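Colleague: Structure in structure tokens, see below.
The values are calculated or read from the model by the stated rules, or taken from the named source; none is laboratory data. Quick caveat: nothing in here was measured; it's all calculated off a predicted structure. Using ideal geometry, Cβ is built from the backbone for each residue, glycine included, and neighbour counts are taken over all protein chains shown. Protein only, heavy atoms only, side chains kept; ligands, DNA and RNA dropped before computing areas. Shrake-Rupley method; radii C 1.70, N 1.55, O 1.52, S 1.80 Å.
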Amino acid sequence: MILKGAEIGRYLARPDPTRPALLIHGQDAMRVALKRAEAVKALVGPGAEEEMRLTRIPGADLRKDPAALLDAVKAVGFFPGQRVVLVDDAPDAATPAVASAIAEWKSGDAVIVVAAGALGKSSALRKLFEPHPAAVTAPIYDDPPGEEEVGRWLHEAGLREVPRDAMRDLMALSRALDPGDFRQTVEKIGLYKHGDPAALTPAEIAALAPATIEAEVDELIDCVAEGRAREFGTLMRRIEGQGIAPVTLCIAALRHFRALHAGASDPGGPGAGLSRLRPPVFGPRRDRMIRQAQDWGMRALEDAIHQLIETDLVLRSSSKAPAMAVMERMLLRLCMMPRGGR
């Protein structure tokens, strides 16, 4: 049996212990590892290692000792409860051992969980599992987790009250981070909200999400975008003291103003435009950038982007002008520039 779409997440959250074997395979090793761990935990619970109800066998070992898998599947445990034999990093060469164990499997034996990397259509493991009437195949793709799966992770982390606006930001974050980082972020949010009966807010998600750019650079660019000229000099000196390169500063400013332009030029309004960005913008920062996009207007933002591109070319050229001074003058000019939305 081959699982498809949302069936994959639902089945791996609650695998059927009456089926003899489960194959989890995919290109992304982190995604496969997370799904494998989820399925094993659902089958045997958190204390399986201590109670010797979980046996791990490296897939490469089955080429030398193919009988080891069947012996582990048939072994009688000292502690009562469901048992699992996990075959990790299984190559196609392990297929005969897995096929023999599935053929000999009886009710009460350990469930076989096979984890593998990318398997082509001609893979022997896939040819064994996919047409099998009782075994299950779960192909793991590089798609971000769906809302149902994220909701399940939130529930496991102890988060019961997640309003729609917070869930929207979490889904945006799930598309920006790799699965391991996103799962850790959910667990961090769960720890942060432990004992707090209040609903999760977008501001809390933004505060706990991994940073994608230095806070000082963000602060300086916001100062420029909001025309706060009096604060500009102090922030610029702080940036210089940290040794941030002028080109890095220019790239960050260009990225920010392009994002504002995407918002200002979207037919659905700045909110719709910013929601399509990758990585996404959410929480209080999204609200702040919406205000900036509205304040500037599309034409003024196009002018700002044009000036930033010209500055970037100067910084990368053989010009003898002091690079940080060039960048500082450019940002100050933007800071004092008339906004089209006013």
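Colleague: Among the residues that make up the stretch 240-248, is at least one of them buried (at least 19 other Cβ atoms within 10 Å of the Cβ), touching a residue at least 12 places away in the same chain (Cβ under 8 Å) and of a type in the set (A, V, I, L, M, F, W, C)?
Modeller: Within the stretch 240-248 (the criterion being buried (at least 19 other Cβ atoms within 10 Å of the Cβ), touching a residue at least 12 places away in the same chain (Cβ under 8 Å) and of a type in the set (A, V, I, L, M, F, W, C)), the answer is no, since none of the residues qualifies.
Colleague: Sort out which residues of the stretch 68-100 are open to solvent by 50 Å² or more (accessible area, probe 1.4 Å) and among the acidic types (D, E), and write them in order of number.
Modeller: Scanning the stretch 68-100 gives D71, D89, D92.
Colleague: Looking at (1) within 20 Å of R286 (Cβ to Cβ); (2) at pLDDT 85 or above; (3) surrounded by 18 or more Cβ atoms within 10 Å (Cβ to Cβ), find the lone condition where E219 falls short.
Modeller: So E219 meets the others, but not (3).
Colleague: Additional query: In the stretch 294-323, how many residues are in contact (Cβ under 8 Å) with a residue 40 or more places away in the chain and either part of a helix (DSSP H, G or I) or open to solvent by 20 Å² or more (accessible area, probe 1.4 Å) (or both)? Can you show your working first?
Modeller: Going residue by residue through the stretch 294-323, those that are in contact (Cβ under 8 Å) with a residue 40 or more places away in the chain are 294-302, 304-305, 308-309, 311-312, 315-316, 323.
So of that shortlist, the ones also either part of a helix (DSSP H, G or I) or open to solvent by 20 Å² or more (accessible area, probe 1.4 Å) (or both) come out as 294-296, 298-302, 304-305, 308-309, 311-312, 315-316, 323.
Of the residues in the stretch 294-323, 17 are in contact (Cβ under 8 Å) with a residue 40 or more places away in the chain and either part of a helix (DSSP H, G or I) or open to solvent by 20 Å² or more (accessible area, probe 1.4 Å) (or both).
Colleague: Can you name every residue in the stretch 152-170 that is of a type outside the set (D, E, K, R) and surrounded by fewer than 16 Cβ atoms within 10 Å (Cβ to Cβ)?
Modeller: H155, G158, P163
Colleague: What tally of residues in the stretch 258-293 results from selecting those that are of a type in the set (S, T, N, Q) and buried (at least 16 other Cβ atoms within 10 Å of the Cβ)?
Modeller: Matching residues across the stretch 258-293 total 2.
Colleague: Could you say whether any residue in the stretch 44-64 is surrounded by 22 or more Cβ atoms within 10 Å (Cβ to Cβ), under 30 Å from R175 (Cα atoms) and of a type in the set (G, A, S)?
Modeller: No, the stretch 44-64 contains no residue that is surrounded by 22 or more Cβ atoms within 10 Å (Cβ to Cβ), under 30 Å from R175 (Cα atoms) and of a type in the set (G, A, S).
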